[in-house]
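Chemist: What follows is a single structure, and I will ask about it in a moment.
The values are calculated or read from the model by the stated rules, or taken from the named source; none is laboratory data. Computed from a prediction, not measured in an experiment: that's the story for all the values here. Positions of Cβ are generated from backbone atoms using ideal geometry, with glycine treated the same way; all protein chains shown enter the neighbour counts.
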Amino acid sequence: MFEILRKELNGFLNSLIAYIVISVFLTGIGLLMWVFPETSVLEYGYADMETLFALGPYVFMFLIPAITMRMFAEEKKAGTIELLLTKPLTDWQIILGKYFSGFLLVLFALIPTLVYYYTIYQLGNPVGNVDTAGVVGSYIGLALLGGVFTSIGVFSSLITTNQIVSFIIAVFLCFIFYTGFESLASINVWGAASLFLEQLGIVYHYRAMSKGLLDTRNLIYFLSLISVMLMFTKFILGSRRW
Amino acid sequence: MSIQVQQLTKIFGEQKAINNISFEVGKGEILGFLGPNGAGKSTTMKITTCFLPPSSGSVKVCGLDVTEEPLLIKSKVGYLPENNPLYLEMYVREYLAFIGNVHGLKGKTLQSRIDEMIALCGLTREQNKKIEMLSKGYRQRVGLAQALIHDPEVLILDEPTTGLDPNQIVEIRALIKKISKDKTVIFSTHIMQEVQALCDRVVVIDRGEIVANDKIEQLKSKQVEVATVLVEFEENIGVEGLLSIEGVISADHITENKIKIKATTESDIRPKIFAFASKHNFTLLGLQQEEVTMENVFQELTKNKNV
């Protein structure tokens, strides 16, 4: 697994993808948080990081599929997948290696935003007047959300040889999982099932975590979603055997 | 036996790509795997390298079954897939290090293996370049180096010389010859001279079925029932006289004086032609029997079914 992880990370770093992804994420979030008046913390007047945590998922929704779209699609197109699959590696080693490389890149993009926390901590009146528990919960939620989007991206990359198709499928699935279920649940036809439908979506659990409450049910939801997506990926990668 | 293929069948949807083939490759042998495009060569190799599963039948590599011990087999086999897929954005050394890592080579052993492969495959001058900068011949060498980095017992090469220029073909062939000394090698091709230059034994496959499995020399003598002789007379003579010679099947003018004669191989036709010429007082300028080439054999073997 680590061989693949290292290869993929080297690939990101050598091909500028990593730098572009991280700088676009930070520039975008930085502008939204500090410069654009509609969303700026400075205009808003409350010492919290709501902007980052509310808009971060939407930035991830486009950036993460851009990271993951080439992972399998390119290997399939170039034929190098045959090379990988005839080396002494299990399917899981290949999938997890690729998955964690994408996830690590997401974390790398997230880490510099810790500076924002420090800034807001200092700007608070009195200093330190921030809901730290909420921020920690939100960070964990955002990281897990990144994990879910990465697993969706890896899956989408495997079902096609075309990177653009892979990107579009991944964005669509991320959107459906993030807010789609909640929006569907708000249609007034479901009755009692609407709560269940809402709970299928990411945003329900994400919002719960941003209150600073680390409920195991939410953690289990995120981890199961990641596992299910990766199992689908394994299933499709294994389907060449029959 | 390094490789045992028994009653192997592979079906893609409706189509039988391989139909009940069996052959064996002994340790240290170089086997040429021959056949027209689409005959099932690559499919057989993909099954042997555990990339595709067999539909029925069994394949054993180093005594291990491909469906039971794929990981172990993969670590013993070096494989160069068709069209030689490579990570073009990687550097040569980086790429070899990655493949070495995958095979569990680390640290000093890995570095010394990489150095060895680079020297063996003649990549010394190219070792610090990106793969995308290399010409096709050098990329092929990188592909071979990659297949060899873990010192595999079995080497499987799928059309290693396709698309190379004649010089490169000769170089790659020499390289294969050099590395195959203590390994079992299967390599596929549709170029006949290659088989003559490299292999101990040939398996010819056509439309998913084995049509020949023999040493090259035996294959030649077995398959070719017609000898072709080129005769040249000073005089311009008709073919009727020649056709009356016992054993002649056909005789056609190529130019006015040159005649191509096809005859059975039961006995040598040349003395009879000479006798014929001296009997009729013709001046015989040339009498040459065409060498049986692998091309002829190949065509003989694979043409029947194409009708």
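Chemist: State all residues of the range A:210-226 that are within 30 Å of A:PHE72 (Cβ to Cβ) and surrounded by 13 or more Cβ atoms within 10 Å (Cβ to Cβ); if no residue qualifies, say none.
Modeler: Going through the range A:210-226, the residues within 30 Å of A:PHE72 (Cβ to Cβ) turn out to be A:218-226.
Selection gives A:ASN218, A:LEU219, A:TYR221, A:PHE222, A:LEU223, A:LEU225, A:ILE226.
Chemist: Only one residue in B:PRO81, B:PRO36, B:PRO85, B:PRO53 is facing chain A (nearest Cβ under 8 Å), within 23 Å of the chain's Cα centre (by Cα), surrounded by fewer than 21 Cβ atoms within 10 Å (Cβ to Cβ) and not aromatic (Phe, Trp, Tyr), so which one is that?
Modeler: B:PRO85
Chemist: Which is over 23 Å from A:GLY238 (Cα atoms) and either among the acidic types (Asp, Glu) or touching a residue at least 12 places away in the same chain (Cβ under 8 Å) (or both), of B:ARG125, B:ARG93?
Modeler: On inspection, the qualifying residue turns out to be B:ARG93.
Chemist: Considering the range B:275-294 alone, what residues qualify as being farther than 14 Å from B:VAL229 by Cα and either modelled with pLDDT of 70 or more or over 19 Å from the mean Cα position of the chain (by Cα) (or both)?
Modeler: B:ALA275, B:PHE276, B:ALA277, B:SER278, B:LYS279, B:HIS280, B:ASN281, B:PHE282, B:THR283
Chemist: Looking only at the range A:181-208, which residues are under 21 Å from A:PHE60 (Cβ atoms) and either outside any helix (DSSP H, G or I) or at pLDDT below 85 (or both)?
Modeler: Selection gives A:GLY201 alone.
Chemist: How many residues, within the range A:14-44, are surrounded by 15 or more Cβ atoms within 10 Å (Cβ to Cβ), modelled with pLDDT of 85 or more and hydrophobic (A, V, I, L, M, F, W, C)?
Modeler: 10
Chemist: I'd like the full set of residues that are among the aliphatic types (A, V, I, L, M) and outside any loop (DSSP other than H, G, I, E, B), limited to the range A:154-180.
Modeler: A:VAL154, A:LEU158, A:ILE164, A:VAL165, A:ILE168, A:ILE169, A:ALA170, A:VAL171, A:LEU173, A:ILE176
Chemist: Right, B:ILE191: among the hydrophobic types (A, V, I, L, M, F, W, C), free of Cβ contacts under 8 Å to residues at least 40 places away in the same chain and crowded, with 19+ Cβ neighbours inside 10 Å or not?
Modeler: Spelling it out, it is not the case that B:ILE191 is among the hydrophobic types (A, V, I, L, M, F, W, C), free of Cβ contacts under 8 Å to residues at least 40 places away in the same chain and crowded, with 19+ Cβ neighbours inside 10 Å.
Chemist: What residue, among those in the range A:219-242 that are in contact (Cβ under 8 Å) with a residue 24 or more places away in the chain and under 23 Å from A:GLU50 (Cα atoms), is nearest to the other protein chains (Cβ to nearest Cβ)?
Modeler: A:PHE222
Chemist: Could you check, for the range B:226-236, whether at least one of its residues is at pLDDT 80 or above and touching a Gly at 6+ places or on another chain (Cβ under 6 Å)?
Modeler: Yes: one or more hits.
Chemist: Please state which one of B:ILE18, B:ILE30, B:ILE11, B:ILE47 is surrounded by fewer than 16 Cβ atoms within 10 Å (Cβ to Cβ) and not small (Gly, Ala, Ser).
Modeler: Matching residue, one of B:ILE18, B:ILE30, B:ILE11, B:ILE47: B:ILE11.
Chemist: Pick out the one residue from A:PHE2, A:PHE72 that is out of contact with any Cys (no Cβ under 7 Å at 6 or more places or on another chain), more than 11 Å from every other protein chain (Cβ to nearest Cβ) and either at pLDDT below 90 or under 19 Å from A:ILE226 (Cα atoms) (or both).
Modeler: Numbers: A:PHE2 fails: more than 11 Å from every other protein chain (Cβ to nearest Cβ).
Sole residue among the options that is out of contact with any Cys (no Cβ under 7 Å at 6 or more places or on another chain), more than 11 Å from every other protein chain (Cβ to nearest Cβ) and either at pLDDT below 90 or under 19 Å from A:ILE226 (Cα atoms) (or both): A:PHE72.
Chemist: Further, regarding this structure: Only one residue in B:ILE73, B:ILE18 is more than 21 Å from B:THR162 (Cα to Cα) and away from chain A (no Cβ under 14 Å). Which one? It would help to see each step written out before you state the result.
Modeler: Values: B:ILE73 fails: away from chain A (no Cβ under 14 Å).
Criteria check complete, one pass: B:ILE18.
Chemist: What's the total number of residues in the range B:29-43 that are assigned to a loop (DSSP other than H, G, I, E, B) and under 17 Å from B:LYS60 (Cβ atoms)?
Modeler: From the range B:29-43, those assigned to a loop (DSSP other than H, G, I, E, B) are B:29, B:35-40; that's our starting set.
Filter once more, keeping what is under 17 Å from B:LYS60 (Cβ atoms): B:29.
Of the residues in the range B:29-43, 1 are assigned to a loop (DSSP other than H, G, I, E, B) and under 17 Å from B:LYS60 (Cβ atoms).
Chemist: Output yes when any residue across the range B:252-271 is at positive phi and either of a type outside the set (Phe, Trp, Tyr) or not assigned by TED's automatic domain parsing to the domain that holds B:GLU29 (or both), and no when none is.
Modeler: no
Chemist: What's the total number of residues in the range B:94-112 that are in a helix (DSSP H, G or I), more than 10 Å from chain A (Cβ to nearest Cβ) and buried (at least 17 other Cβ atoms within 10 Å of the Cβ)?
Modeler: Of the residues in the range B:94-112, 2 are in a helix (DSSP H, G or I), more than 10 Å from chain A (Cβ to nearest Cβ) and buried (at least 17 other Cβ atoms within 10 Å of the Cβ).
Chemist: Tell me which of these A:VAL130 doesn't satisfy, since it passes every other one: (1) in a helix (DSSP H, G or I); (2) in contact (Cβ under 8 Å) with a residue 60 or more places away in the chain; (3) more than 14 Å from every other protein chain (Cβ to nearest Cβ).
Modeler: Result: A:VAL130 fails condition (1) only.
Chemist: Also, I was wondering about something else. Would you confirm whether or not the range A:94-103 contains a residue that is touching a Phe, Trp or Tyr at 6+ places or on another chain (Cβ under 6 Å), more than 30 Å from A:ASN125 (Cα to Cα) and either among the aliphatic types (A, V, I, L, M) or crowded, with 17+ Cβ neighbours inside 10 Å (or both)?
Modeler: Going residue by residue through the range A:94-103, those that are touching a Phe, Trp or Tyr at 6+ places or on another chain (Cβ under 6 Å) are none.
Among the residues of the range A:94-103, not one is touching a Phe, Trp or Tyr at 6+ places or on another chain (Cβ under 6 Å), more than 30 Å from A:ASN125 (Cα to Cα) and either among the aliphatic types (A, V, I, L, M) or crowded, with 17+ Cβ neighbours inside 10 Å (or both), which makes the answer no.
Chemist: Let me ask something else about it. Inspect the range A:205-213 for any residue being of a type in the set (A, V, I, L, M), within 14 Å of chain B (Cβ to nearest Cβ) and either within 15 Å of A:PHE177 (Cβ to Cβ) or in contact (Cβ under 8 Å) with a residue 60 or more places away in the chain (or both) and give the result as yes or no.
Modeler: No: the range A:205-213 contains no residue that is of a type in the set (A, V, I, L, M), within 14 Å of chain B (Cβ to nearest Cβ) and either within 15 Å of A:PHE177 (Cβ to Cβ) or in contact (Cβ under 8 Å) with a residue 60 or more places away in the chain (or both).
Chemist: Select, from B:LYS106, B:LYS74, the only residue that is in contact with a Ser or Thr (Cβ under 7 Å, 6 or more places away or on another chain) and of a type in the set (Lys, Arg).
Modeler: Result of the check over B:LYS106, B:LYS74: B:LYS74.
Quick grid of which residues meet (1) of a type in the set (S, T, N, Q); (2) assigned to a strand (DSSP E or B); (3) more than 28 Å from B:GLN196 (Cβ to Cβ):
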| position | (1), (2), (3) |
| --- | --- |
| B:ILE11 | no, yes, yes |
| B:LYS16 | no, yes, yes |
| B:MET45 | no, no, no |
| B:GLY78 | no, yes, no |
| B:ASN84 | yes, no, no |
| B:TYR87 | no, no, yes |
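Chemist: Inspect all residues belonging to the range B:213-231 and state whether any of them is hydrophobic (A, V, I, L, M, F, W, C), over 25 Å from the mean Cα position of the chain (by Cα) and buried (at least 19 other Cβ atoms within 10 Å of the Cβ).
Modeler: yes
Chemist: Given the options A:GLY56, A:GLY11, name the one that is assigned to a helix (DSSP H, G or I), buried (at least 17 other Cβ atoms within 10 Å of the Cβ) and within 11 Å of chain B (Cβ to nearest Cβ).
Modeler: That would be A:GLY11, the only listed residue that is assigned to a helix (DSSP H, G or I), buried (at least 17 other Cβ atoms within 10 Å of the Cβ) and within 11 Å of chain B (Cβ to nearest Cβ).
Chemist: Just checking, how many residues over the range B:122-138 are of a type in the set (A, V, I, L, M, F, W, C) and within 16 Å of B:LEU148 (Cβ to Cβ)?
Modeler: Matching residues across the range B:122-138 total 1.
Chemist: For A:ALA143, all conditions in the list (1) free of Cβ contacts under 8 Å to residues at least 40 places away in the same chain; (2) touching a Phe, Trp or Tyr at 6+ places or on another chain (Cβ under 8 Å) hold save one; what is the number of the exception?
Modeler: Only one criterion in (1) free of Cβ contacts under 8 Å to residues at least 40 places away in the same chain; (2) touching a Phe, Trp or Tyr at 6+ places or on another chain (Cβ under 8 Å) is unmet by A:ALA143, namely (2).
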